[in-house]
Amino acid sequence: MSMSPTIDVADEQDVGISADFDAFFRTYYRRVVRAEFLLTGELGLAEELAQEAMLKVLEPTSAAISGSIKVRPMPLVRIEILEGRPVPEKKRLLQAVHDALVEAFGIPDDDRTQRIFEHDPGNFEIPPGHSDKYMLVEIVAFPGRSTTAKRALYKAIVRNLGDIGVPAGDVFVVIQEPRMENWGIRGGRSADEVDLGYSLDV
């Protein structure tokens with residue numbers, strides 16, 4: 001068995017939740033990793049088991065603090081289309097994508113950070129075989145959603161847009177998932193240092 005990994009944890013000094021909530025859970029996570037490593041001898045497996053344990057701990061904790069801490073999942077939506085569509089139609093496009101995110105990713109209904117970018121034909125090349133309704137839908141989200149959830153999102157977006165007249169073949173969707181440290185939230189804090197108050201495991 002390999003030697004135990006070096007993990008910077010002050011065992012003799014407990015960190016209280018009331019004093020520093022984030023520090024408590026970072027410390028708890030590291031201790032679980034070390035304990036699981038001593039049992040399994042595999043650091044990767046130990047980290048996976050520690051993450052599962054953290055999710056179980058955070059479920060009741062998230063409910064308890066939801067009234068005082070509110071952090072949004074913040075998917076950022078960007079839809080690119082040819083210019084010229086009326087405002088009501090553009091609002092329906094935004095609503096169609098938003099409803100799909102609520103359905104597949106479980107985001108709050110009022111969590112809306114969406115933008116439409118319109119291009120003149122000279123600046124928006126449409127691939128052969130597509131109509132002038134061709135659109136690019138880009139979603140930037142926290143990492144962690146399952147492949148199943150992503151597939152459900154693609155289907156929901158195409159279905160919802162189809163209901164308002166956009167052919168399925170004219171919808172191109174891409175999801176970007178920057179690492180947590182690449183998000184600045186809650187007053188400029190790195191997202192990997194913040195308790196989100198919800199699970200990305202969907």
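Nothing in this text is a laboratory measurement; each read-out follows from the coordinates by a stated rule. None of these values were measured; they are calculated from a predicted model. Cβ placement follows ideal geometry from the backbone for every residue including glycine, while neighbour counts extend to all protein chains displayed.
Quick look at the numbers
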{"read-out": "Neighbour net charge for V102 - beta-carbon separation under 12 angstrom, K R +1, D E -1", "value": "-4"}
{"read-out": "Proximal charge balance of L153 [Cβ under 10 Å; K/R count +1, D/E count -1]", "value": "+3"}
{"read-out": "Under 15 Å, Cβ to Cβ, from V173 - net charge with Lys/Arg +1 and Asp/Glu -1", "value": "+1"}
{"read-out": "Interchain or long-range residues, amide H under 5 Å from V173's placed H", "value": "V137"}
{"read-out": "D163/D109 FRET efficiency (R0 22 Å; Cβ-Cβ; nearest 0.05)", "value": "0.75"}
{"read-out": "Modelled FRET efficiency - R0 25 Å, I175 with T40, Cβ distances, 0.05 increments", "value": "0.20"}
{"read-out": "Inter-label distance, nm, simple model (7 Å from Cα along the C-beta direction), D132/V87", "value": "2.2 nm"}
